[in-house]
Amino acid sequence: MRKIDLNIGKGYPIYIGKDLLKNANKYFNLNRKVLVVTDDNIPSNYSDTVCHNSKEAIKAVIPNGEESKSMSTLEMLLYKMQENKFTRGDCVVALGGGVVGDLSGFCASVYMRGVDFYNIPTTLLSMVDSSVGGKTAVNFAGLKNTVGTFYQPKGVLCDISTLKTLPERQLNCGFAEIIKMSMTNDSDLFTLIENKSKKELLDDIENVIFRSVIIKKSVVEEDEKELGLRRVLNFGHTVGHAIEQTSNYYHGECVALGMLPMCGKAVKDRLIPVLKKISLPFEYKNVSGDLSDLIIHDKKSAGDKIHIILCPEIGCFEDKLVDIKEIEALIKECIEK
Ligand code: GLY
């Protein structure tokens, strides 16, 4: 088992290891009322285990998928807490992927002006990215993540045993975010990913997650509120989010495609074999529709200009403010390849 201390506010521990769930109360203070939020795709024995570790657990099972990241699901959770007389001394535990984590974190941050929040991510993507750094949100009026808070959890528990039940495509999506962080911030990690087979990477997953979380820690500790450096985590996301809205690709798959236009030729030549090995998309043949409008409406735009993160060399990045024409030209190059 490995532990990383994230130093924002009072700080919190992130535990990464095998079979941690069964001792959840060793890592978190569950000796109180606990709202355990999970979704209907997560094996119910995981949430049962957390409930058994809690003094008084109330379980909320939401439908799997982005649709649940809504005001109405939030309201349902808040009702549950109020009905069950949760006080400021009680807590919320998220058990699932990014949707469950973002929604539950937001719920914890607003119930009685904030109760303790713990995150138990069960997808590779949420272990390396969304569970760390305190972003919480629901979608609102058709736009992603427009209502939310920065609210750090009290602790994060990454039990890698839960990855055994994760569908392959979801696992690949987690790898997309790991590749993303290594490309901009850790060339050694990228080389490690490059040199190992997918099976070897999975055998070494505790270390791979650990190294990815170390990158995320270094970024969010320096820029919690995404005023500058944290934008690097959006590498691949500007174009990726637009593809996500016009295709059936999953989030991580869109990030994989979204990184390609942002890379120089030498970088692309190293990235493509890695994407192929992980079974992530690496060409634009199934991407259709006009991405420009969707990119312009992305919340990360600044006036007429949009921040993009470029990767000129593995392990480095450039944050550039560009107009949409420049992004269109970069995408065109990928489509024509
Ligand atoms: N997932 C991007 C961030 O945490 O900023």
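The values are calculated or read from the model by the stated rules, or taken from the named source; none is laboratory data. Predicted model only: the values in this text are computed from it and were never measured. When we count neighbours, we look across all protein chains shown, and the Cβ atoms used for this are built from the backbone with ideal geometry, even at glycine. Side chains included, ligands, DNA and RNA excluded: accessible areas come from the protein's heavy atoms. Shrake-Rupley method; radii C 1.70, N 1.55, O 1.52, S 1.80 Å.
Across the stretch 256-327, C-alpha contacts under 8 Å between residues 6 or more apart give a mean separation that, scaled by the residue count, equals a relative contact order of 31 percent.
Residues of the stretch 163-180 with an amide N closer than 15 Å to a point placed 7 Å from the Cα of Lys18 along the Cα-to-Cβ direction: 163-165. Available extension along the chain between Glu326 and Ser279 is 14.0 nm, counting 0.36 nm per residue and deducting the alpha carbon span. Candidate cross-link partners of Lys325 among the lysines, defined by an alpha-carbon separation under 23 Å and a same-chain spacing of 8 or more, comprise Lys265, Lys268, Lys285, Lys299, Lys300, Lys305, Lys337. Each peptide among 269-276, 29-36 gets the average number of other Cβ atoms lying within 10 Å of its residues, and from highest to lowest they stand as 29-36, 269-276. Listed by chain and number, the lysines whose C-alpha is less than 20 Å from the C-alpha of Lys80, apart from same-chain residues fewer than 8 away, are Lys33, Lys55, Lys59, Lys69. Using only the Cα atoms of the stretch 1-150, build the gyration tensor, take square roots of its eigenvalues as a ≥ b ≥ c, and label the shape rounded, prolate or oblate: rounded if a/c is under 1.5, else prolate if a/b is larger than b/c, else oblate. Here the stretch 1-150 falls in the rounded category. The residue among Val287, Val274, His237 whose Cα reaches farthest toward the positive pole of the charge dipole of the stretch 235-314, with charges on the beta-carbon of Lys, Arg, Asp and Glu, is Val274.
Estimated from helices alone, the mean residue ellipticity of the chain at 222 nm is -12500 deg cm²/dmol (sum of -39500 (n - 2.57) over DSSP H runs with n ≥ 4, per residue).
Which percent, to the nearest 5, of DSSP beta bridges fully inside the chain are antiparallel?
Percent antiparallel among DSSP bridges in the chain is about 40.
On a per residue basis, the chain carries 43 Å² of accessible surface, using protein heavy atoms and a 1.4 Å probe.
Compared with the dominant principal axis of the Cα atoms in the chain, helix 205-222 is inclined by about 90°. The fraction of Cα-Cα pairs per 5 angstrom bin, counted from 0 for the stretch 172-268, comes to 3, 13, 21, 23, 21, 14, 5, 0 percent, rounded to whole percents. Here the accessible area is traced with a 1.4 Å probe on the protein chains. For the chain, carbon and sulfur cover 49 percent of it.
Net charge dipole, the stretch 90-166: roughly 120 debye, given to the nearest 20, about the Cα centre with Cβ charges of +1 for Lys and Arg and -1 for Asp and Glu.
Okay, which of the stretch 104-141 sit inside 14 Å, backbone N to the point 7 Å along the Cα-Cβ direction of Met76? The answer is 104, whose backbone nitrogens lie closer than 14 Å to the label point.
Classify the chain from the C-alpha gyration tensor, please: rounded if a/c falls under 1.5, else prolate or oblate depending on whether a/b exceeds b/c. Verdict is prolate for the chain. Most simply put, the stretch 1-89 has about 40% antiparallel DSSP beta bridges, counting only bridges with both residues inside it.
Model label points for Lys198 and Leu229, set 7 angstrom from Cα along the Cα-to-Cβ axis, are 3.4 nm apart. For the chain, the longest principal axis of the Cα atoms and the long axis of helix 168-185 meet at an angle of about 70 degrees.
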